[in-house]
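Trainee: Below is one structure. I have some questions about it.
The values are calculated or read from the model by the stated rules, or taken from the named source; none is laboratory data. Predicted model only: the values in this text are computed from it and were never measured. Because the Cβ atoms are built from the backbone with ideal geometry, glycine has one as well, and the counts that use them run over all protein chains shown.
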């Protein structure tokens, strides 16, 4: 076999590996199942092919099986198994590359041996020439001259043959080295792109996991306060907490029952959504915790889950903005000769318990007599007015003007002192400083 043919043979080794019949057949069956979209059966068949190839020590089938299994298992559930197949593929790939490099080194060594043998043969020929030259000394001058001419021709021919062989050897060595470089570059490039693909897939999976977690956290925070949500994620449940100072506000719409009789359910939902979206923005502005809505009623609390020093005054300011929005909407409806609604607001301050109970459909809620009295403040109020209890009056009387309504009968609570909030006390520049 000439050097160039041997070089071509080395380049074609990866494409001419002989698979054992058993592991190769299993591998082909697994690929057929994958192409048919039967991934679970394909995984099982490819794992059988991998076991057979390991028993037969067939590296090529092992590499192909690891690569296919890694891609089939490349999801969040089987992420670790896919990564293990990628690592085994990389190890086999490196092992096969080192074996081929050893074969190439052996071939270079063989070529060097042949070159040395050729040099030895040349030396032997030169020795023979010298012996023949000594024999010519006994010939006549003419014979000697003729023999010398012949020998010169032979030497010239031998030199030409040596130059040709040397040129061929240099060319073969150059081609061999070039082929070795190309083969090494191909293996390195393939390894690089495989690694890059693995890193890209890992990055994509990490991004998907982070995005899913962010969406889950956003949804949970839309239902529960942040501190309660953190406690629920860490411990799987939450503990209700007592708050000694908080302010509860209830609102509902006067005439909502008559309005609902004249409009479709879709129109009612659209109308309530219009108001409650505005209320949500207002309570978020004042860091007030929205608790729930029931029909046309809206309930919120200031001072939970985090304490608020001026919770009563903060709630009154939010109530004024509630009323301003409802009145602005009513003015627009009147211009269009459309029916409109008026709001009734009740506020009370006191202790309460807040938290999440149950194990399904979590909802943050509050309990206690403070909640009941706040509801009575709303029920005993008047449209377009903010009706508050005595506890709210005592907490906010230095910041707002109040009109004392006297003691009014409240359902199941007897006589309760009530006040209308008429406005905020104006402060001069010295007080403001």
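Trainee: Inside region 238-264, can you point out the residues that are part of a loop (DSSP other than H, G, I, E, B), more than 21 Å from residue 325 (Cα to Cα) and in contact (Cβ under 8 Å) with a residue 60 or more places away in the chain?
Mentor: If the condition is that a residue be part of a loop (DSSP other than H, G, I, E, B), more than 21 Å from residue 325 (Cα to Cα) and in contact (Cβ under 8 Å) with a residue 60 or more places away in the chain, then 238, 239, 240, 262 are the ones that fit.
Trainee: How many residues does region 288-299 contain that are within 15 Å of residue 314 (Cβ to Cβ) and in contact (Cβ under 8 Å) with a residue 40 or more places away in the chain?
Mentor: Counting residues in region 288-299 that are within 15 Å of residue 314 (Cβ to Cβ) and in contact (Cβ under 8 Å) with a residue 40 or more places away in the chain gives 1.
Trainee: List the pairs whose first member sits in region 265-287 and is more than 21 Å from residue 307 (Cα to Cα), whose second member is in a helix (DSSP H, G or I) and modelled with pLDDT under 95, and whose Cβ atoms are under 6 Å apart, counting only residues at least 6 apart or on separate chains?
Mentor: Listed by first residue and then by second, the contacts come to 268/260.
Trainee: Residue 292: out of contact with any strand residue (DSSP E or B) (no Cβ under 8 Å at 6 or more places or on another chain) and surrounded by 11 or more Cβ atoms within 10 Å (Cβ to Cβ), yes or no?
Mentor: Considered against the rule, which asks whether it is out of contact with any strand residue (DSSP E or B) (no Cβ under 8 Å at 6 or more places or on another chain) and surrounded by 11 or more Cβ atoms within 10 Å (Cβ to Cβ), residue 292 comes out as no.
Trainee: Taking the condition assigned to a helix (DSSP H, G or I) and closer than 16 Å to residue 71 by Cα, does residue 179 pass?
Mentor: It is false that residue 179 is assigned to a helix (DSSP H, G or I) and closer than 16 Å to residue 71 by Cα.
Trainee: Quick one: in region 299-317, of everything that is under 42 Å from the mean Cα position of the chain (by Cα) and crowded, with 23+ Cβ neighbours inside 10 Å, which residue is modelled with the lowest pLDDT?
Mentor: Filtering first and then ranking leaves 304.
Trainee: Next up: So, in region 111-167, how many residues would count as being farther than 25 Å from residue 177 by Cα, modelled with pLDDT under 80 and in contact with a helix residue (DSSP H, G or I) (Cβ under 8 Å, 6 or more places away or on another chain)?
Mentor: Qualifying residue count for the region: 13.
Trainee: Taking residue 330, is it modelled with pLDDT under 95 and out of contact with any strand residue (DSSP E or B) (no Cβ under 6 Å at 6 or more places or on another chain)?
Mentor: Yes; evaluated as a whole, the condition is true for this residue.
Trainee: Against the condition within 41 Å of the chain's Cα centre (by Cα), modelled with pLDDT of 90 or more and closer than 30 Å to residue 349 by Cα, how does residue 274 come out, does it pass?
Mentor: yes
Trainee: Tell me whether region 337-351 contains one or more residues that are under 25 Å from residue 303 (Cα atoms), in contact (Cβ under 8 Å) with a residue 12 or more places away in the chain and surrounded by fewer than 20 Cβ atoms within 10 Å (Cβ to Cβ).
Mentor: yes
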